[in-house]
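Peer 1: Please see the structure below; I have some questions.
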Amino acid sequence: MESTATAPRNKVALSEPFLIFLLASIQFTHIMDFMIMFPLQDYFLKQFAIDTGVFSFVLSSYSYAAAAAALLGANFIDRFNRKSAAIFLYSGFIIGTALCAVADSFYFLLAARIIAGTFGGMIGGIVLSIIGDVLPIERRGRAMGAVMGAFSVASVAGVPIGLWIAHAFSWNYTFGFVVALSLPILLTAIVYLPSIPSKQAKTSAWDFSQLIAVLSDRNHLKAIAFFMSVILGGFVVVTSIAVYMERNVGFSKQDVQLIYLIGGLCTFFSSRFIGIMADKYGKHKVFLNMVLVAIVPIIVLTHLPKVPLPLALLVTTSFMVLVSGRIIPAMALMTSAVRPELRGSFMSVSSGLQSIATGLGATIAGFVLVTQPDGSFTRFDIVGYLAVGFNLIGLYLSRKVRIVS
């Protein structure tokens, strides 16, 4: 990464809609790479002859590597041009994903996921920092909704296509597909992503004042704890939906594609609407309503028996729309809890701790679920109760977060 002292200004003027589209495209590939592991779980369990507890290490390894990298990078990320940091991290993410595409053993895949997580885990923080730096708070909710649309597109197009590739060829080709999508996005970012210089003076590489400044602010800690609760409130359930629907509800692998296709399509539109509502009515109020309504599909989904396909898809779609909808006002609240000169470091720390939360979500679900002799799972209801508890904690902490920028 080049220092901001020498980083040239981008000569290409970038419109706000195109900037948001480019950032959403980066998020799309990053999210697809992360999300595709969940519906591919059954392939890994069978090929490597492992149980959900062992598989949770593969899922969480990405998250824990991302956490370590983000926490280490938090002290340095604001000293570099945002564009330089984004390109460096995105390039490393592509390399890690390419290694997943050629992995032929459990430990090779584990190592590849760690590499992908080391770089990919910080991308989300950089994207949010750019939005926070470029857009005023009255337009951040809408921008967050648009970037969150990357989750929807990954669900609608990315995951179903990735599953089709895995079914037709192998799961390795799915990661190759992610790499093929990422390369032109990287080139576009190199040319068009605007240069956003650091707001800090150059300091020693061993100066940890930046990290100390982030962690010594009580409002920062409240915002991070708040968002970790929000993440846990979804990911303890999300990581096991696909395999649960296959083994307990009777979904085929083609039916699993419909979960992401229909749910993602609905989320694509709902995320934009929720972002607009967050700007109009306030982030705290919208978050409160989203959490309270989201509890219903969380409980229903984690207690779902064998039901007709349309009814099951109604439940999974409601879950995806409402649970992902909590994230939009939550992200806007979190990015507004820090001053601009600390935003990159704060988002890096936050990204690292969010990654720990996603890893914990996968680990908790992996060890709570019990595999029966017929391959089905029990104790998914307990996972649902845990998710509700984390959401209520997040709801309480959201009232403690103070907006400062």
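Just so it is clear, none of the values below were taken in a lab; they were calculated from the coordinates. Keep in mind the model is a prediction, meaning the values are calculated, not measured. Glycine gets a Cβ as well: all are built from the backbone with ideal geometry, and neighbour counts include every protein chain shown.
Peer 1: Count the lysine pairs in the chain that are 8 or more places apart or on different chains: how many have C-alpha atoms under 25 angstrom apart?
Peer 2: 16
Peer 1: Students often get this wrong: which residues of region 22-52 have the backbone nitrogen under 16 Å from the point 7 angstrom along Cα-to-C-beta of residue 180?
Peer 2: 29, 33
Peer 1: Find how much the distance from residue 285 to residue 254 grows on full extension, using 0.36 nm per residue of separation minus their present alpha carbon separation; answer in nm with one decimal.
Peer 2: Here the segment from residue 285 to residue 254 would lengthen by 7.3 nm.
Peer 1: Let me ask something additional. Looking only at 339, 113, 79, which one moves most when the chain is put into a Gaussian network model with springs between Cα atoms under 10 Å?
Peer 2: 339
Peer 1: Using a basic spin-label model with each label point 7 Å from the Cα along Cα→Cβ, how many nm lie between residue 293 and residue 91?
Peer 2: 4.4
Peer 1: Could you list 335, 188 so that the one with the fewest beta carbons within 10 Å of its beta carbon is first and the one with the most is last?
Peer 2: With the sparsest Cβ surroundings first, the list reads 188, 335.
Peer 1: Specify the residue with the greatest mean-square fluctuation among 59, 45, 333, computed from a Gaussian network of the chain linking alpha-carbon atoms under 10 Å apart.
Peer 2: Residue with maximal mean-square fluctuation among 59, 45, 333: 45.
Peer 1: Further, regarding this structure: What does the convex hull of the alpha-carbon atoms of region 340-391 project to on average, in nm²?
Peer 2: Quarter of the Cα hull surface area: 4.5 nm².
Peer 1: By the gyration tensor of its Cα atoms, with a ≥ b ≥ c the square roots of the eigenvalues, what is the shape of region 46-113: rounded for a/c under 1.5, prolate for a/b over b/c, or oblate?
Peer 2: Because a/c hits 1.5 or more and a/b fails to exceed b/c, region 46-113 counts as oblate.
Peer 1: Provide Rg over Rh for region 259-405; use the alpha carbon set for both Rg and the Kirkwood Rh (inverse mean inverse pair distance).
Peer 2: 1.01
Peer 1: Then there's this: Note down the net charge around residue 246, summing +1 for each Lys or Arg and -1 for each Asp or Glu among other residues with Cβ under 14 Å from its Cβ.
Peer 2: It works out to a net charge of +1.
Peer 1: Karplus couplings for region 364-381 from phi (6.51 cos²θ - 1.76 cosθ + 1.60, θ = phi - 60°), rounded to Hz, Gly and Pro as x?
Peer 2: So the J values, rounded to whole Hz, are 4, 4, x, 8, 6, 5, 10, 8, 7, x, 7, x, 6, 10, 10, 6, 5, 5.
Peer 1: Still on this structure, I have one more. At 7 Å along the Cα-to-beta-carbon direction for both residue 367 and residue 16, put a label point, then send me their distance in nm to one decimal.
Peer 2: Using points 7 Å along Cα→Cβ, the separation is 4.7 nm.
Peer 1: Compute the convex hull volume of the Cα atoms of the chain, divide it by the residue count, and report the result per residue in Å³ as a whole number.
Peer 2: Cα convex hull per residue, to the nearest whole number: 118 Å³.
Peer 1: Highest mean first, what order results for 174-183, 363-372 on Cβ atoms within 10 Å?
Peer 2: The packing order, highest mean first, is 174-183, 363-372.
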